[in-house]
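Asks: Let me begin by handing over the structure; questions about it come next.
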Amino acid sequence: MSKKKILIVEDEESLLKLESILLTSKGYEVVGATNGQAALDAVKKERPDLVLLDIMLPEIDGFEVCRRIKKDPDTEQIPVIMLTAKKSREDMARGEKVGADWYITKPFKSAMVIETIQRFLTR
């Protein structure tokens, strides 16, 4: 069975590294992107099984990245999990509106992130 591929979109280098280590240790293949445009390019090129998406990103924010992923018939089926420090009800509602499949706020517990990812990848 081939490894599931996860695209992590995070502009904070240390967090991207931490999330990558966490997911590779659980047997996932990880691709990283540090801004919105790189994320959209990676989705097209890499065809990840799931996207872990920060909202506050340079160039194109996570809401717009998610909206574009979900609007494209080639990528709309890819689960998008927002992983962000933006905790307000408005932000969560906006995440839902642009098509995010799940919303996790920082600081997060690693076990919860892994559990959520597994839930989406074993459907």
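Every number in this text was worked out from the coordinates using simple rules, so none of it is lab data. Source: prediction; values computed, not measured. Glycine also receives a Cβ, built like all others from the backbone with ideal geometry; neighbour counts cover every protein chain displayed.
Asks: Rounded to the nearest 20 debye, what is the charge dipole size of the chain about its Cα centre when +1 sits on each Lys and Arg Cβ and -1 on each Asp and Glu Cβ?
Replies: In total the dipole reaches around 440 debye.
Asks: Need one word for the stretch 62-123: rounded, prolate or oblate. Basis is the Cα gyration tensor (sqrt eigenvalues a ≥ b ≥ c); a/c below 1.5 gives rounded, then a/b vs b/c decides.
Replies: In terms of gyration-tensor shape, oblate.
Asks: About its Cα centre, how strong a charge dipole does the stretch 61-123 have in debye, to the nearest 20, once Lys and Arg get +1 and Asp and Glu get -1 at the Cβ?
Replies: Once rounded to the nearest 20, the dipole reads 220 debye.
Asks: Rounded if a/c is under 1.5, else prolate if a/b beats b/c, else oblate: with a ≥ b ≥ c from the C-alpha gyration tensor eigenvalues square-rooted, which is the chain?
Replies: Rounded.
Asks: Separation between the ALA85 and LEU15 pseudo-spin-labels, each 7 Å from Cα along Cα→Cβ, expressed in nm?
Replies: Taking the simple label geometry, ALA85 and LEU15 are separated by 0.7 nm.
Asks: For the stretch 44-87, what class follows from the C-alpha gyration tensor (a ≥ b ≥ c being the square roots of its eigenvalues): rounded when a/c is under 1.5, otherwise prolate if a/b is larger than b/c, else oblate?
Replies: prolate
Asks: How high is the relative contact order of the stretch 5-121, in percent, with contacts defined as C-alpha pairs under 8 Å that are six or more residues apart?
Replies: Contact order relative to length: 23 percent.
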